[in-house]
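Working notes, structure below.
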Amino acid sequence: MGNTVVKLTPCLAGGVADDNAPQSLTLCQMPTVAGIPDSFDQEGIGQTISFKRDDSDDPNSVPFQTIHCVSLGANQIAPSSIMNDYSFSSSSSFDRSSSFSSFALHPSSSSFSSSDPSYSGILVRSDSTTMLREMQAARDRRNQEKLENPSLGRRLINSLTSRLKKYTGGVVCGSYTGTVHQGTCDEGKSDAGVVHRAQGKAGEDRVQMVYSEEHQLLFVGIYDGFNGPDAPDFLLANLYEAILLELEGIQWEKQDHQQVLGAMSRALRRTDEEYLNMADENPELAMIGSCVLVMLMKGEDLYLMNVGDSRAVLAQKAEPDLSGVLGKADEDLERFKVEMMRQLEAYERDKLSGLVAVQLTMDHSAAFFQEVRRIRSEHLDDPCPVTRGRVKGNLKVTRAFGAGFLKQPKWNNLLLEVYKVDYIGNSPYINCNPYLRHHKLGPRDRFLILSSDGLYDHFKNDEVVAQVEMFTSMHPEADPAHHLAELILQSAATKAKKDVNDLIGLPQGERRKYHDDVSIVIISLDGKIWKSSPRLDEISNQEVLLNC
């Protein structure tokens, strides 16, 4: 949704011009005219963001090796109705501190594919310096306007900011884009350490990453919006800070995992309530919602929270097959020990062989019988609470942030007649009760994939893991998230029986007929975990379901 203007200009993507080669049109970064950047020329159709830990970091204190993120837009979105102050200035854009590298994604003809193994030639990356400079200038102007015309909302924001400063050692980055937005800073530095952050937007998807060196805490949020951008923009502006406030005072060394998960759940519930409170005066907000996927990584502890159908999938090495060795246990003991050690050492050397996909979250969708059964049991007076695979024939997901028109009849009644559903009774049809899970990383865990559902419209969990495994084994320095984005485009083109270059050339909005917005974050866990863990079975899981 939204009106985006792009310019098509002939250029070569990573190749040398050939007079005999077929001409193609590629979206490339245009030069600045008279020193004024043209933001439309900078957009592209998505972005990549990467973070690699400093080689000087203590491997026993950093919980991850690298982070690769890609966001690919398909929806042409309209501006937020009330969240303009918090949203990005273009339909596919990003912002980050200098510790993250980021590039805009542009379509490219495969005739001019790059020799870099990280690209197939479907998408190419261009430097984003000019676009970031324009985005920063726009944010500075908005901040100045807010200072000159303070409102009740701004006073509340300033109050929250002071509380955050107390928690974070006085460092609040303006890049948080909303509830906490006090000026700008490239990287938040204080006695407490450095905060690295990045956030991106593609269509109605939002992605957010924050890494605190002081707390050795990594936060990743993926917000997959529907019916408009306001709900994901509100999450981008508020959820991370709400979680920080709820986590204040938690003693991590006590390993009270339920306490951490409870804090995450409370933060989501309160953020949902704050968003829906605005729908009383802005009824259109009651139509807009978002799926939520949040991960906190603290050392070897993963804390996951989701509502909707975004997923966290862990690539885990299969258990070693010791059946042949165990059958010889009654033979010579020394020979048995030698054979056992040989098999285990071979298993450990083979880092990327036999990976299995373990889904760490639960989909909340009308495609799952247990969710449909729950809704029907709560609406016995309604003969059709779920029809055509959607809640009230409208929404595919059965739990979501926002979307108040399916949570309380008062918000449904505020809508224009054409948007109303036949709301029977007072019980909510959907809720924002998250699935919560703690996972203890172990020596078999290799990488984690966090993604909106646009990825799984085309591939199953095990197919995604296999693709990342194969690609990283062949190109260990390349970007596997970028690779998955190109596979999605290839799959969408094949299903539509279209040439992939023709598909990519379609404008956002038109391309939504063939694939969804998608945000993918891949976290490599290659580091301390299997170097320091002596046991192959050192995995502990704790699952908590609230109000299910």
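Where does the charge balance sit around I504 when Lys and Arg score +1, Asp and Glu -1, over other residues with C-beta under 12 Å from its C-beta?
Details: positive: K498, R511; negative: E486, D499, D502, E510.
After counting each charged neighbour, the total is -2.
Could you order the peptides 231-243, 253-265 from most to least packed, using the average number of other C-beta atoms within 10 Å per residue?
Descending packing order for the listed peptides: 231-243, 253-265.
With 27 Å as the limit, write out which pairs from K201/K410; K317/K495; K460/K498; K201/K396; K52/K298 have Cα-Cα distances beyond it, or answer none.
Distance filter (> 27 Å) returns K201/K410; K317/K495.
Could you give the length gained by full extension between Q370 and E284, i.e. 0.36 nm per residue of separation minus their alpha carbon distance, to one decimal place?
Full extension from Q370 to E284 adds 27.9 nm.
For the stretch 468-518, what does the equivalent ellipsoid look like in terms of its semi-axes, each the square root of 5 times an eigenvalue of the Cα gyration tensor, given largest first in whole Å?
Ellipsoid semi-axes (Å, largest first): 25, 11, 9.
Using 7 Å Cα-to-Cβ label points, what is the Q467/M341 separation (nm, one decimal)?
If labels sit at Q467 and M341, their model points lie 4.3 nm apart.
In nm, to one decimal, how far is the Y419 label point from the I250 one, both placed 7 Å along Cα→Cβ?
Roughly 3.5 nm, to one decimal.
Multiply the residue gap between Q359 and E319 by 0.36 nm, knock off their C-alpha separation, and tell me the result in nm, one decimal place.
On the way: separation 40, 0.36 × 40 = 14.40 nm, distance 1.68 nm.
Extra length from Q359 to E319 when fully extended: 12.7 nm.
If you take every residue apart from L247 with its C-beta less than 11 Å away from the C-beta of L247, what net charge results, scoring Lys and Arg +1 and Asp and Glu -1? Could you put the intermediate results ahead of the total?
Details: positive: R266, K298; negative: E241, E246, E248.
The answer is -1.
Counting Lys +1, Arg +1, Asp -1, Glu -1, what net charge surrounds T271 among other residues with beta carbon under 11 Å of its beta carbon? Spell out each step's value before the answer.
Working: positive: R266, R269, R270; negative: E241, E246, D272, E273, E274.
So the environment of T271 carries a net charge of -2.
Report the calculated FRET efficiency for Q258 and Q490 (r = Cβ-Cβ distance, R0 = 56 Å), to the nearest 0.05. Walk me through the numbers on the way to the answer.
Working: r = 43 Å, r/R0 = 0.76.
The formula returns an efficiency of 0.85 here.
State, to one decimal in nm, how far the label point of R390 lies from the label point of E378, with both points 7 Å from Cα in the Cβ direction.
So the label points at R390 and E378 sit 2.0 nm apart.
If you average over every viewing direction, what projected area does the convex hull of the Cα atoms of the stretch 423-473 give, in nm²?
About 6.2 nm², averaged over all directions.
Read the figures in this text as sums done on the coordinates, not as results from a lab. Since the model is a prediction, treat every value here as computed from it, not as a measurement. Note that each Cβ is placed from the backbone with ideal geometry, even for glycine, and that neighbours are counted across all protein chains shown.
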